[in-house]
Amino acid sequence: EYNFDYVIIALGASNAFFGIKGAQKYFLSFLFLNDALVLQNKIRDMNEDINIIICGGGATGVSLAGALCETFKEKIKITIVEAQSDILPEWNPKLVSSIKNFLKQNNVEIITNNPIKEVRQSSVLLNDNRILENTLSIWTAGIKGQEIHTIPEIEKTKSNRIKVNNFSQVEGFSNAFALGDISAFPIDSLHLSPQLAQFAVRQAMNVAKNIIRREKGKEMVRFHFEQH
């Protein structure tokens, strides 16, 4: 048993597979450093041309596609499959357009508005019943907060993220904070925080500053986030 003046919950996330048949069994994870090393070694060990399917066209999937095509050049073919109508939902349209141009110039195929229905050992079945053959499948389509049990229970979202206020305090606790992917920070009345590194780092800096301010008897400062 440990006593504390402040506690910060920053346990990160785990994959959310949304009940898609075969996803957990056949997709490679891309959450941690070790996942990246496993993927890199698999590609380097393969002699034949490699056909990679990335499930998820958010920030992680798109940046992974860019890094892979720059690193391995003609050795791999990449397809991004995104369930929504476009990649990088809610990003600046001009930025999305320039990113798509870069990916297409590097022979990355982008399939949108077509969720994956089933994952098999060497193929994926799309919602329109198209079958995509592949050598490797990589999952970047969704994450949920890591499981943590508390007494008393704290309020969470359906995706297991801990609800916090504009100071990143856990709802109902003045000296408990949640940061990064496990936190559900209210950007505005309709949107929660993106589960991205740039958000987590800036959120953490705000919490550190506020703990120091509280210790000095000053009021805390609300965290305002704008995506760069």
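The values are calculated or read from the model by the stated rules, or taken from the named source; none is laboratory data. Model, not experiment: these values are computed from the prediction. Here the Cβ positions follow ideal geometry from the backbone for every residue, glycine too, while neighbour counts run over all protein chains shown. Side chains are part of the model used for accessible areas, which takes the heavy atoms of the whole protein and leaves out ligands, DNA and RNA. Shrake-Rupley method; radii C 1.70, N 1.55, O 1.52, S 1.80 Å.
Structure notes:
- Gained length - His149 relative to Asn175, 0.36 nm times residue gap less alpha-carbon distance: 7.6 nm
- Computed from backbone phi with θ = phi - 60° and the Karplus coefficients 6.51, -1.76 and 1.60, the 3J(HN,Hα) list for segment 82-98 is 10, 6, 7, 6, 7, 6, 6, x, 6, 7, 4, x, 5, 5, 4, 4, 5 Hz; x is used for glycine and proline.
- Gained length - Ala10 relative to Lys218, 0.36 nm times residue gap less alpha-carbon distance: 72.4 nm
- Residues whose placed amide H lies under 5 Å from that of Glu118, excluding near-sequence neighbours: Leu125
- Restraint check, Lys21/Lys75; Lys77/Lys144; Lys73/Lys104; Lys25/Lys163; Lys77/Lys104, Cα-Cα greater than 19 Å: Lys21/Lys75; Lys77/Lys144; Lys25/Lys163
- Report summary: the helix-based calculation at 222 nm, which adds -39500 (n - 2.57) for every DSSP H run with n ≥ 4 and divides by the residues of the chain, gives -8500 deg cm²/dmol.
- Of the GluC sites (Glu not before Pro) in segment 54-111, those whose Cβ has at most 15 other Cβ within 10 Å and which sit in DSSP loop: Glu90
- Taking every DSSP bridge with both residues inside the chain, close to 35 percent are antiparallel.
- Remark: segment 63-165 carries a charge dipole of roughly 80 debye about the Cα centre, counting +1 on each Lys and Arg Cβ and -1 on each Asp and Glu Cβ.
- Rounded to 5, percent antiparallel among DSSP beta bridges of segment 1-128: 20
- Net dipole in debye of segment 116-228 [+1 Lys, Arg Cβ; -1 Asp, Glu Cβ; about Cα centre; nearest 20]: 320
- The H on the amide N of Ala178, modeled in the peptide plane, is under 5 Å from the matching H of Ile9, Val170, each at least 5 residues off or on a different chain.
- Residue-by-residue Karplus 3J(HN,Hα) for segment 2-14, coefficients 6.51, -1.76, 1.60, Hz, glycine and proline x: 10, 8, 8, 8, 9, 10, 10, 9, 9, 7, x, 10, 10
- Judged by the mean number of other Cβ atoms found within 10 Å, the most tightly packed of the peptides 146-155, 129-138 leads the ranking 129-138, 146-155.
- Computed label-point distance, nm, for sites Glu133 and Arg202 using a 7 Å Cα→Cβ extension: 4.5
- Solvent-accessible area, 1.4 Å probe, carbon plus sulfur percent, for segment 65-113: 46
- Normalised per residue, the accessible area of the chain is 58 Å², obtained with a 1.4 Å probe and no contribution from ligands, DNA or RNA.
- Residue-wise HN-Hα coupling along segment 177-184, computed from phi with Karplus coefficients 6.51, -1.76, 1.60 (Hz; x: Gly, Pro): 10, 10, 10, x, 4, 7, 9, 10
- Of Thr140, Ile116, Ile162, farthest towards positive along the dipole that unit charges on Lys, Arg, Asp, Glu beta carbons give segment 107-213: Ile162
- A Förster radius of 35 Å, combined with the Cβ-Cβ distance separating Gln227 from Glu1, puts the computed FRET efficiency at roughly 0.30.
- Under the convention that each Lys and Arg Cβ holds +1 and each Asp and Glu Cβ holds -1, the size of the dipole of segment 6-144 around its Cα centre is about 120 debye.
- Using a Gaussian network model of the chain in which every pair of alpha carbons under 10 angstrom is joined by a spring, one finds that among Leu190, Leu31, Leu39 the greatest mean-square fluctuation is at Leu190.
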